[in-house]
Amino acid sequence: MVRAAIIGCGAAGLVLASALAVRGFVATLFCLRDEDVVSIMRNDGVIRVYGPGESSVKVSAAHVSFLRRGYDVVIYATRLNSLRELVDAVYKKLPNSIHVFIQPSIDVLDIINQLNGGRGFIALYTCIRRMGRGTAEWPGEGFVEAWGSSELVDYLAEGLRALGLNVSRQDSVEQLAWDYWATNLSSQPVAAILGVPLSRIKRISYARSLVEQLWKEAELVAKEYGIKLREELLEKLLSIRGCVPRMLQDVEQRTVTEIDYINGALLRRALGKGVYVPYNDSVYLLVKALEEEMRSS
């Protein structure tokens, strides 16, 4: 039996655990907070994911400090804010495992390229919302792109397909990571600032124009790295009805967002290449202002 460790007990971790269960694997959720472990185990380890239907599976849960050797695959379903330090610590314990990432930032590509051995990347083009410690929901629409030579990545992709997501393979992790990042940096901050789901942006002309300008700036930076972005992915993401992205969820919950690792990453690369990206600079400052207001109140 393949042993899978999922780092993170948030909405994404619950969905990925359900996807693995569809393929017959029992995942262990490693939470970063003790209260998440207690809540899941208090419910006998049963988690539920709602989408087009309901998926109920049983998992094991533990604090991440109890991670031990013996896992064939490690899936990072945690926030970007502490990802690099976490990966360094986990990789020291499990260098021979396959390490799979789902974070929407080009910073993840830097981490992937530094690892030796099995690696994977899942671009999850949908919105997942945690409704409770062991319950998550998604809008019933979306698609996935997967990269990685491992059979385990295929199993995970097939499990996501069984949950109702369209899944395709991508041969280039660079192309996959750049596209996934660009769609998120163009859409997430606009949704967070306006307080609307992604599909509403398409019906607000000025919001749509702002998304397009953010995308064009991402294209300019990507060109400097020899990458041609696929704009059709942005169109597909904006068409998902009821998609409330993570950055908007963070603002609604009055917690720190991932703006530094999404749009901030573009600003750093644009500066290094001498590319002017005023729209990304502006939305970055607006989201940081929202975070500052939340802290002050």
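Just a few scattered comments:
- Of the residues screened, Asp88 is not one that is part of a helix (DSSP H, G or I) and closer than 18 Å to Met131 by Cβ.
- Flag for Ile98 being under 22 Å from Tyr155 (Cβ atoms), touching a helix residue (DSSP H, G or I) at 6+ places or on another chain (Cβ under 7 Å) and either crowded, with 23+ Cβ neighbours inside 10 Å or not small (Gly, Ala, Ser) (or both): yes
- Hits in region 113-155 (condition: surrounded by fewer than 20 Cβ atoms within 10 Å (Cβ to Cβ) and part of a helix (DSSP H, G or I)): Asn113, Gln114, Glu151, Asp154, Tyr155
- Hits in region 27-58 - residues which are within 22 Å of the chain's Cα centre (by Cα), acidic (Asp, Glu) and either farther than 21 Å from Tyr76 by Cα or part of a strand (DSSP E or B) (or both): Glu54
- Of the candidates Glu231, Glu174, Glu217, the single residue that is out of contact with any Ser or Thr (no Cβ under 7 Å at 6 or more places or on another chain) and farther than 27 Å from Ser82 by Cα is Glu231.
- Qualifying residue in region 249-258 (condition: in contact with a strand residue (DSSP E or B) (Cβ under 7 Å, 6 or more places away or on another chain), of a type outside the set (S, T, N, Q), outside any helix (DSSP H, G or I) and surrounded by 14 or more Cβ atoms within 10 Å (Cβ to Cβ)): no
- Residue identified as within 17 Å of Ala162 (Cβ to Cβ) and surrounded by fewer than 19 Cβ atoms within 10 Å (Cβ to Cβ) among Arg48, Arg68, Arg84: Arg48
Any read-out appearing in this document is the output of simple, stated calculations on the displayed coordinates, not a laboratory observation. On a predicted model such as this, the values are computed, not experimentally measured, just so you know. Note that we place each Cβ from the backbone using ideal geometry, even for glycine, and neighbour counts take in every protein chain shown.
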